[in-house]
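Participant: Take this structure, written in structure tokens, and hold onto it; I'll ask about it next.
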Amino acid sequence: MNKYELMYILKSDVEEERRLQLLEKFKGIIEADGQIDSVDEWGNRKLAYEINKLNDGYYFLVNFHSSADVPKELDRNLKIADEVIRHMVLRLEA
């Protein structure tokens, strides 16, 4: 199992209930074939640059261990979700 870090940014106007639904969905994908180490909810922050006419976003950072297939599935689901502005999955050195 490899160690990964997922950072994703949601639109700042997404309701709290929907944010939690998305978090649970992404956690479920990870836990199907991996283990979550930590979830950090950074909250609303100013973006470094304007993305699709948006200046703020709601940040999440998730650290996890999983097989190599999980990041591909996460990437696919994050691309589909309309609320996600940007995302990145990094493989960390052990």
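Please treat every number below as a calculation from the coordinates, not as lab data. In this text, all values refer to a predicted model and were calculated from it rather than measured experimentally. Here Cβ is always computed from backbone atoms with ideal geometry, including for glycine, and neighbour counts include all displayed protein chains.
Participant: Within the chain, how many Lys pairs sit with Cα atoms under 22 Å apart, leaving out pairs fewer than 8 places apart on the same chain?
Facilitator: Lysine pairs meeting both conditions in the chain amount to 15.
Participant: Would you please give the residues with an amide H less than 5 Å from that of R86, counting only those at least 5 places away or on a separate chain, with H modeled from the backbone geometry?
Facilitator: Correct list: I9.
Participant: Explain nothing, just compute: Karplus ³J(HN,Hα) = 6.51 cos²θ - 1.76 cosθ + 1.60, θ = phi - 60°, for every residue of region 75-80 in order, whole Hz, x for Gly and Pro.
Facilitator: Karplus values, whole Hz, x for Gly and Pro: 4, 4, 5, 5, 5, 6.
Participant: Which of these values of semi-axes √(5λ) of the Cα gyration tensor in Å was calculated from the structure shown: [x] 58, 20, 15; [y] 23, 13, 12; [z] 42, 10, 7?
Facilitator: [y]
Participant: Give the longest segment of the chain that steers clear of GluC sites (Glu not before Pro) in DSSP loops with at most 15 neighbouring Cβ atoms within 10 Å, not counting the sites themselves. Mind dumping the intermediate values first?
Facilitator: Numbers: sites that count: E15, E93.
Between exposed loop sites, the widest span is 16-92.
Participant: At 222 nm, what helix-only mean residue ellipticity would the chain give, in deg cm²/dmol to the nearest 500, using -39500 (n - 2.57) for each DSSP H run of four or more?
Facilitator: Numbers: 2 runs with 29 residues, N = 94.
That comes out to -10000 deg cm²/dmol.
Participant: First measure r as the distance between the Cβ atoms of D69 and D40, then evaluate 1/(1 + (r/R0)^6) with R0 = 22 Å and state the FRET efficiency to the nearest 0.05. Working shown, then result.
Facilitator: Values: r = 24 Å, r/R0 = 1.09.
So, using R0 = 22 Å, E works out to roughly 0.35.
Participant: From the phi of every residue in region 86-91, what ³J(HN,Hα) in whole Hz does the Karplus formula 6.51 cos²θ - 1.76 cosθ + 1.60 yield, where θ is phi - 60° and glycine or proline is x?
Facilitator: Working through the residues one at a time gives 9, 8, 8, 10, 10, 8 Hz.
Participant: Of the trypsin sites (Lys or Arg not before Pro) in region 32-94, which ones lie in a loop per DSSP and count no more than 16 other C-beta atoms within 10 Å?
Facilitator: Working: sites: R45, K46, K53, K72, R76, K79, R86, R91; in loops: K53.
Qualifying residues, ordered by number: K53.
Participant: Here's another thing I want to ask about it. Angle, helix 16-32 long axis vs. longest principal axis of the chain, Cα atoms, 0 to 90°, nearest 10?
Facilitator: 20 degrees
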